[in-house]
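All of the numbers you see were taken from the coordinates with simple rules; none came from a lab. Just so you know, these numbers come straight off a predicted model, no measurement behind them. Because the Cβ atoms are built from the backbone with ideal geometry, glycine has one as well, and the counts that use them run over all protein chains shown.
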Amino acid sequence: MDQILATVRALPGALVFEPREGDGTPEQAWGDAFCYYAPDGQVPGHVQPYATVVTKDYPGDTASALDAPGRLRVNVRVDRATFRACTGEEPRALALPRDHTAVDVVLPHPVYGELGWLCVVNPAARTTDTLTELLRAAHEAARARVLRRAGGRGDGRNEGGDR
C-alpha cells in the first residue's frame, strides 16, 4: 500500500486522505486511502476520489475477500477507452464472469465496474506498471475536471462554492 500511495503523492496537486480514529470519519473507512486532485491540500467537497485503496470488505462489496489477512484492493476510475482496453468490455455491458479474488490482475470493480472503475487485488509485478499508468491518468482526468469547473483558473478552487 505504501508504494501505491507514494506514487500518488508524487503527482502534482495530489491528496491522499487516510481516515483515522477520531477524525470524524466512519470507522469502516479507517485504514483505507482516498486519492483526490486537491492542490489546496483539503479534501474536496462533493467530489468522489479518483482512486481508493481498501483493506477490508464493505457492506455489499465482499467479492474480493478483503477481510482475509494481507489483502487489499486498489480501485481506479478510468475512461471508457481505457476500461475497454483493460477488460475487453464496455463498462455498462459487463458479461464475462470473473474471479474478483484473483490477485495481481486488472479487473472491473465488482460493484462499480459499470461506472468505469477498475481494480487490482494485491498488485504485484504483473500489474505495477499498468496500475501506475492508470493512477496517473486518473489523476490527470481529475485535475482536468477541477480546472473545467474552476473556469480554467488553474488553482483548483471552484468559484461556484461547492467545496
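In terms of the Cα gyration tensor, with a ≥ b ≥ c the square roots of its eigenvalues, is the range 2-149 rounded because a/c is under 1.5, prolate because a/b exceeds b/c, or oblate?
Details: a/c = 1.57, a/b = 1.16, b/c = 1.36.
It comes out oblate by the Cα gyration axes.
Answer with one residue from Phe83, Pro69, Thr101: the one whose Cα lies farthest towards the positive end of the charge dipole of the range 1-103, charges on Cβ with Lys, Arg +1 and Asp, Glu -1.
Final value for the positive-end residue is Phe83.
Where Lys and Arg each count +1 and Asp and Glu each count -1, what net charge lies around Pro91 among other residues with Cβ under 15 Å from its Cβ?
Details: positive: Arg77, Arg80, Arg84, Arg92, Arg98; negative: Asp79, Glu89, Glu90, Glu114.
Result for the local shell: +1.
Rounded to the nearest 20 Debye, what is the dipole magnitude of the chain about its Cα centre when Lys and Arg each give +1 and Asp and Glu each give -1 at the C-beta?
Using Cβ point charges on Lys, Arg, Asp and Glu, the chain gives about 520 debye.
Check which residues have an amide H placed less than 5 Å from Ala14's amide H, if you skip close sequence neighbours.
So Ala14 has HN proximity to Ala38.
Go through the range 142-149 residue by residue and turn each phi into a ³J(HN,Hα) via Karplus (6.51, -1.76, 1.60, θ = phi - 60°); whole Hz please, and just put x for glycine and proline.
Once θ is set to phi - 60°, the couplings for the range 142-149 become 5, 4, 4, 5, 4, 5, 4, 5 Hz.
Using a cut-off of 11 Å between beta-carbons, work out the net charge of the residues near Lys56 (Lys and Arg +1, Asp and Glu -1, Lys56 not included).
Its environment carries a net charge of -3.
Name the shape class, rounded, prolate or oblate, that the alpha-carbon gyration tensor gives for the range 19-88, where a ≥ b ≥ c are the square roots of its eigenvalues, rounded holds for a/c under 1.5, and otherwise prolate holds if a/b is larger than b/c and oblate otherwise.
The shape class here is oblate.
Neighbour counts of other C-beta atoms within 10 Å: give me Cys119, Cys86, Cys35 arranged from fewest to most. Mind dumping the intermediate values first?
Working: Cys119 25, Cys86 16, Cys35 28.
Ascending number of Cβ neighbours within 10 Å: Cys86, Cys119, Cys35.
Any chance you could run the full-extension gain for Thr128 through Arg98? It's 0.36 nm times the residue separation minus the Cα-Cα distance, nm to one decimal. It would help to have the intermediate numbers written out before the result.
Details: separation 30, 0.36 × 30 = 10.80 nm, distance 2.02 nm.
Net length gain for the segment: 8.8 nm.
Given the range 2-149, what percent of its DSSP beta bridges are antiparallel, to the nearest 5?
Of the beta bridges lying entirely in the range 2-149, close to 95 percent run antiparallel.
Please list the non-local residues whose amide H lies under 5 Å from the amide H of Leu66, H modeled 1.01 Å from N, same-chain partners needing a gap of 5 or more.
Placed amide hydrogens put Asp57 under 5 Å from Leu66.
At most 11 other Cβ atoms within 10 Å and a DSSP loop assignment: could you name the trypsin sites (Lys or Arg not before Pro) in the range 1-94 that fit? Could the numbers behind the result be given before it?
Working: sites: Arg9, Arg20, Lys56, Arg71, Arg73, Arg77, Arg80, Arg84, Arg92; in loops: Arg20, Lys56, Arg71.
Passing both the DSSP loop test and the Cβ count: Arg20.
Determine, for Tyr50, Tyr58, Tyr112, Tyr36, the number of other Cβ atoms within 10 Å of each Cβ, and report the residues in order from fewest to most.
Tyr58, Tyr112, Tyr36, Tyr50
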